1. Provide the per-residue ³J(HN,Hα) series for region 74-80, in order, calculated from phi with Karplus coefficients 6.51, -1.76, 1.60 and θ = phi - 60°, each as a whole number of Hz, with x at glycine and proline positions.
2. Give the dimensionless ratio obtained when the Cα radius of gyration of region 270-340 is divided by 2.2 N^0.38 Å.
3. Grab the alpha carbons of region 130-210, take their convex hull, and tell me the volume per residue in Å³.
4. In the calculated pair distance distribution of region 44-196, what percentage of Cα-Cα distances lie above 27 Å?
5. Counting only DSSP beta bridges with both residues in the chain, what percent are antiparallel, rounded to the nearest 5?
6. Count the net charge of all other residues whose Cβ sits under 13 Å from the Cβ of residue 149, scoring Lys and Arg as +1 and Asp and Glu as -1.
7. Beyond 20 Å, what share of the Cα-Cα pairs of region 117-252 is found? Please give it as a whole percent.
8. How big is the Cα convex hull of the chain in projection, averaged over all directions, in nm²?
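Quick note: the coordinates plus some simple rules give every number you see, no bench work behind them. Just so we're clear, the structure is a prediction, and the values are computed from it rather than from any experiment. Ideal geometry is used to build each Cβ from the backbone, glycine not excepted, and the neighbour counts take in all protein chains shown.
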Amino acid sequence: MSLDLEKLIHTAQSMVAPGKGILAIDESTGTIKKRFSGVGVESTEETRMDYRSMLLSTPGLGEHISGAILFDETLRQKDADGKPLLNIMKDNGILPGIKVDKGAKDLAGFPGEKVTEGLDGLRERLAEYAELGAVFAKWRAVITIDSDIPSRACLDANAHALARYAALCQEAGLVPIVEPEVLMDGDHDLDTSFDITEAAQKSLFEELYNQNVLLEGCVLKPSMVISGSSAKSRAGVEDVAEATLDCLLNAVPAATAGVVFLSGGQGDEEATAHLDAMNRMGPHPWPLSFSYGRALQQACLKCWAEDPRGNREKAQKILLHRAKMNGKAALGEYNREMES
Ligand code: 13P
């Protein structure tokens with residue numbers, strides 16, 4: 001095997017090292033503005049730097065967090081002392097990753113459905129990110145469940161784009177995180193979530209095969225199989241864990257380097273409990289871990305926003321705690337008593 005491929009596989013394995021997961025802080029400028037306004041903070045280049053440098057410099061975070069996914073701005077930012085945020089991460093033992101998609105846009109001809117854009121010029125952008133120090137990347141596809149959707153066209157268009165992106169990443173020496181997110185929005189039941197998630201994952205792995213993507217150097221970031229957020233009765237922890245595993249076993253080749261779930265609007269402890277339950281049902285063909293955005297940041301962001309200067313350490317402790325709980329869940333060693 002070539003040295004380049006060995007390096008790629010090594011990076012992928014480091015991302016899913018036992019007891020570690022990924023911190024997703026790659027909110028686009030629009031999304032972070034929404035998150036900040038929810039806690040009464042104005043979103044400026046400086047407040048975003050202040051917040052994200054606080055997260056990345058959390059003492060001990062690298063014990064539970066293998067890597068962090070950044071937005072373009074963060075990858076180039078320096079903290080108030082002039083230290084690049086990238087160096088803060090490196091000193092904390094956290095691998096830098098970068099979101100490279102350009103967002104989900106309306107899919108022409110299919111009302112209510114999205115396709116993720118960003119392939120044009122991607123080879124050049126990836127080369128620059130690799131030069132800057134990123135070792136992995138992320139691309140998110142968004143699948144909506146409603147009465148007549150998703151369409152086959154939507155699933156396949158998104159899978160095709162994900163595979164083209166993944167191949168370009170590997171060419172540039174970056175590990176692709178492929179994220180086919182089936183949204184929790186809606187009142188659908190667990191069986192519907194299963195069927196759509198399975199279809200999205202099967203389409204994705206067929207396209208990854210078509211595009212010659214090396215699965216050993218690729219990480220899947222799926223949504224869990226879960227009841228819709230407004231469903232009348234919602235499936236419990238064991239049922240979600242079983243259905244999600246059943247889906248993965250049917251759709252995800254064992255060669256895949258690892259699986260890191262998104263939280264998708266689940267509560268903090270709910271997301272941890274689901275991951276833990278799945279790992280207790282192991283062993284599995286792939287490491288199962290987390291790549292949470294909201295479920296890692298929510299409580300920390302709220303605390304920081306109350307007093308960005310004074311609450312810095314307090315907020316870091318909250319983040320460290322959630323990272324530690326999810327690290328335990330990645331090993332199947334979490335229980336609710338550890339929360340207090
Ligand atoms: P959530 O965990 O908040 O869903 O975010 C993860 C992510 O990176 C979405 O792309």
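1. Whole-Hz 3J(HN,Hα) from phi for region 74-80: 5, 4, 9, 8, 10, 7, 4.
2. Values: Rg = 13.7 Å, N = 71, 2.2 N^0.38 = 11.1 Å.
That ratio works out to 1.23.
3. Details: hull volume 6.9 nm³, N = 81.
Dividing the Cα hull volume of region 130-210 by its residues yields 86 Å³.
4. Numbers: 4193 of 11628 pairs.
Above the 27 Å cut-off, region 44-196 has 36 percent of its Cα pairs.
5. On the way: 5 of 34 bridges.
Taking every DSSP beta bridge with both residues in the chain, the antiparallel ones total about 15 percent.
6. Details: positive: 114, 152; negative: 106, 113, 146, 148, 185, 195.
The answer is -4.
7. Details: 4315 of 9180 pairs.
Counting every Cα pair in region 117-252, those more than 20 Å apart make up 47 percent.
8. On the way: hull surface 65.9 nm².
Its average projected convex-hull area is 16.5 nm².
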